[in-house]
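Worksheet: one structure, shown below.
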Amino acid sequence: MATSSNSSLSGSSVSSDAEDYQPPIWKSYLYQLQQEAPRPKRIICPREVENRPKYYGREFHGIISREQADELLGGVEGAYILRESQRQPGCYTLALRFGNQTLNYRLFYDGKHFVGEKRFESIHDLVTDGLITLYIETKASEYISKMTTNPIYEHIGYATLLREKVSRRLSRSKTESRKASVTACEETTPVEKITSLVRRAALTQNDNYFNYEKAHNFKVHTFRGPHWCEYCANFMWGLIAQGVRCSDCGLNVHKQCSKYVPNDCQPDLKRIKRVYCCDLTTLVKAHNTQRPMVVDICIREIEERGLKSEGIYRVSGFTEHIEDVKMAFDRDGDKADVSANLYPDINIIAGALKLYFRDLPIPIITYDTYSKFIDAAKLCNPDERLEAVHEVLLLLPAAHYETLRFLMIHLKKITMNEKDNFMSAENLGIVFGPTLMRPPEDSTLATLNDMRYQKLIVQILIENEDVLF
Ligand SMILES: [Zn+2]
Ligand SMILES: [Zn+2]
């Protein structure tokens, strides 16, 4: 492996000169190995086997001993048979020749065939994938253990490498909407292979003013056709479940590489279908806004025509109309029409804003920090309490913190009109407490006990606005 891996590795160094931008060099060593891996050779049983499970074919030889199996395989690499255990009838074994020995695997079936985590439609696929994996992991174990040490990701993903070229490419479409500019970039960029890396690098350098951290949302993925890891630039081997893909930005990496990828996910608008019920950081990163647009738009509308409205946030609007607003945001994003023409009752807009917070998969005051806020609220000394609240606030994810801060400035304005709207900080605390914070476990008792502390937290935040600056 020494010579070929070295030659592949040498391709990994990327020029540091921005003007000399080269598309990522995809390393072919593991791809070559996959091509070289032994192919499955099915050894067919010449006789009719009784009790053959219907999901096995003629590679099933019935109850035979290990020695008999060995003999049938004839020392041919990749040869395989299935047999039923002599000692435990009803248990099945895959006997496979690899590396001049016979390997035996306990074989399972539950609609798909498997010996480990990966599940296959056919025994042939299972053996093909097994042979590739065995071959690559035997031949290249050292190479694989080192492939994360010099990732292309750092060079290309967030370094300045792409700045010049990409900004020039994007400047043409600068006036178009961001979505359009991404599409234009993908269609016209002369880069050999567009990857989510390139797209993200483009966004990072040009559009991403709000640098919130966001973890990738990796899920095991089966790639159709050959795919390369966008972290280490190596081939993703195997027949199925070759790696993981981020469902928010589309980044494709090896499972082992996913542990090293920084929390720099830049969600792709095409993948984010909704506004409501979408993780807050994911939404603001996808739309490249400082806060969720629902919050900005609803608050603007309420400050324009609802500050003096009696019982604002306490009086509920018609549920159907609130659902309409939600659908409008999901469908039209920041183009959603929430004007007085369409919704003369401002309580509908207030209701839609509250619903947005309630629908968040992770509340504004996150599950992680929930109990710390409650503990802070329980302190008797007001100064200590304020200090404790201040400290926990710093633990919130940046986008959550910013949204909460913006909301509190708004709620303060509501209380400044208390003589008209009759909404005090305490009243707003009652309304917003359970909306902004929910206990991690859904226990009715805990929720009841915590309610006055939830209220108190919101009240403290409204009354002490400087705690949020
Ligand atoms: Zn991602
Ligand atoms: Zn990788």
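Looking at (1) touching a residue at least 24 places away in the same chain (Cβ under 8 Å); (2) over 20 Å from Y31 (Cα atoms), which is the one condition that is false for K255?
(2)
Within the stretch 100-121, count every residue that is outside any strand (DSSP E or B), in contact with a Gly (Cβ under 9 Å, 6 or more places away or on another chain) and within 19 Å of P53 (Cα to Cα).
2
Kindly evaluate A215 against the criterion of being out of contact with any Cys (no Cβ under 6 Å at 6 or more places or on another chain), modelled with pLDDT under 90 and surrounded by fewer than 19 Cβ atoms within 10 Å (Cβ to Cβ).
Numbers: out of contact with any Cys (no Cβ under 6 Å at 6 or more places or on another chain): yes; modelled with pLDDT under 90: no; surrounded by fewer than 19 Cβ atoms within 10 Å (Cβ to Cβ): yes.
Here the answer is no, as A215 does not meet what is asked.
List the number of the failed condition for L395; all other conditions in (1) buried (at least 19 other Cβ atoms within 10 Å of the Cβ); (2) free of Cβ contacts under 8 Å to residues at least 40 places away in the same chain; (3) under 19 Å from D279 (Cβ atoms) hold.
Tallying (1) buried (at least 19 other Cβ atoms within 10 Å of the Cβ); (2) free of Cβ contacts under 8 Å to residues at least 40 places away in the same chain; (3) under 19 Å from D279 (Cβ atoms), L395 fails exactly one: (1).
Report whether or not P434 is surrounded by 15 or more Cβ atoms within 10 Å (Cβ to Cβ) and not in a helix (DSSP H, G or I).
Values: surrounded by 15 or more Cβ atoms within 10 Å (Cβ to Cβ): yes; not in a helix (DSSP H, G or I): no.
Against the criterion (surrounded by 15 or more Cβ atoms within 10 Å (Cβ to Cβ) and not in a helix (DSSP H, G or I)), P434 does not qualify.
Listed residues E137, E67; which is acidic (D, E), within 39 Å of the chain's Cα centre (by Cα) and outside any loop (DSSP other than H, G, I, E, B)? Reasoning before the result, please.
Numbers: E67 fails: within 39 Å of the chain's Cα centre (by Cα).
Exactly one residue qualifies, and that residue is E137.
What do you reckon, is G75 free of Cβ contacts under 8 Å to residues at least 12 places away in the same chain and not in a helix (DSSP H, G or I)? Spell out the reasoning first.
Numbers: free of Cβ contacts under 8 Å to residues at least 12 places away in the same chain: no; not in a helix (DSSP H, G or I): yes.
Against the criterion (free of Cβ contacts under 8 Å to residues at least 12 places away in the same chain and not in a helix (DSSP H, G or I)), G75 does not qualify.
Looking at the stretch 65-84, which of its residues are farther than 17 Å from V127 by Cα and either at pLDDT below 90 or basic (K, R) (or both)?
Passing the criteria: only R66.
Please determine whether any residue of the stretch 283-304 is touching a Pro at 6+ places or on another chain (Cβ under 8 Å), touching a residue at least 40 places away in the same chain (Cβ under 8 Å) and either within 13 Å of ligand 1 (Cβ to nearest atom) or among the β-branched types (V, I, T) (or both). Spell out the reasoning first.
As a first pass, look at the stretch 283-304 and keep what is touching a Pro at 6+ places or on another chain (Cβ under 8 Å): 283-286.
From the residues that got through so far, the ones that are touching a residue at least 40 places away in the same chain (Cβ under 8 Å) too are 284-285.
Narrowing further to those that are either within 13 Å of ligand 1 (Cβ to nearest atom) or among the β-branched types (V, I, T) (or both): 284-285.
Taking every residue of the stretch 283-304 in turn, at least one turns out to be touching a Pro at 6+ places or on another chain (Cβ under 8 Å), touching a residue at least 40 places away in the same chain (Cβ under 8 Å) and either within 13 Å of ligand 1 (Cβ to nearest atom) or among the β-branched types (V, I, T) (or both).
Conditions (1) surrounded by fewer than 17 Cβ atoms within 10 Å (Cβ to Cβ); (2) under 24 Å from the mean Cα position of the chain (by Cα); (3) modelled with pLDDT under 95, marked per residue:
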position	(1), (2), (3)
L379	yes, no, no
I409	yes, no, no
R438	no, yes, yes
T444	yes, no, yes
R452	yes, no, yes
V458	no, no, no
L468	no, no, yes
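Can you give me the number of residues within the stretch 302-322 that are within 11 Å of L353 (Cα to Cα) and surrounded by fewer than 20 Cβ atoms within 10 Å (Cβ to Cβ)?
As a first pass, look at the stretch 302-322 and keep what is within 11 Å of L353 (Cα to Cα): 302, 313, 322.
Narrowing further to those that are surrounded by fewer than 20 Cβ atoms within 10 Å (Cβ to Cβ): none.
Number satisfying all stated conditions: 0.
How many residues are of a type in the set (G, A, S) and either outside the structural domain of D368 (by the TED database) or more than 38 Å from the chain's Cα centre (by Cα) (or both) when one looks only at the stretch 418-436?
Step one: filter the stretch 418-436 for residues of a type in the set (G, A, S), giving 424-425, 429, 433.
Applying the additional criterion that residues be either outside the structural domain of D368 (by the TED database) or more than 38 Å from the chain's Cα centre (by Cα) (or both) yields 424.
Residues that pass the stated criteria total 1.
Which residues, taken from the stretch 247-260, are within 8 Å of ligand 1 (Cβ to nearest atom) and among the aliphatic types (A, V, I, L, M)?
Residue satisfying the conditions is L251 alone.
Yes or no: the stretch 261-276 includes at least one residue that is away from ligand 1 (no atom under 14 Å from the Cβ), touching a residue at least 24 places away in the same chain (Cβ under 8 Å), surrounded by fewer than 19 Cβ atoms within 10 Å (Cβ to Cβ) and more than 26 Å from R358 (Cα to Cα).
For the stretch 261-276, residues away from ligand 1 (no atom under 14 Å from the Cβ), touching a residue at least 24 places away in the same chain (Cβ under 8 Å), surrounded by fewer than 19 Cβ atoms within 10 Å (Cβ to Cβ) and more than 26 Å from R358 (Cα to Cα): absent.
Check whether at least one residue in the stretch 247-255 is within 30 Å of T128 (Cα to Cα), touching a Gly at 6+ places or on another chain (Cβ under 8 Å) and outside any strand (DSSP E or B), and report yes or no.
Of the residues in the stretch 247-255, the ones within 30 Å of T128 (Cα to Cα) are 247, 250-255.
Then drop every residue that is not touching a Gly at 6+ places or on another chain (Cβ under 8 Å), which leaves 252-255.
Filter again for outside any strand (DSSP E or B), leaving 254-255.
Yes, the stretch 247-255 contains at least one residue that is within 30 Å of T128 (Cα to Cα), touching a Gly at 6+ places or on another chain (Cβ under 8 Å) and outside any strand (DSSP E or B).
Could you list, in sequence order, all residues of the stretch 256-290 that are within 16 Å of ligand 2 (Cβ to nearest atom) and either touching a Leu at 6+ places or on another chain (Cβ under 7 Å) or part of a loop (DSSP other than H, G, I, E, B) (or both)?
Matches in the stretch 256-290: K259, Y260, V261, P262.
The values are calculated or read from the model by the stated rules, or taken from the named source; none is laboratory data. Please read all numbers here as calculations on a predicted model, not as lab measurements. When we count neighbours, we look across all protein chains shown, and the Cβ atoms used for this are built from the backbone with ideal geometry, even at glycine.
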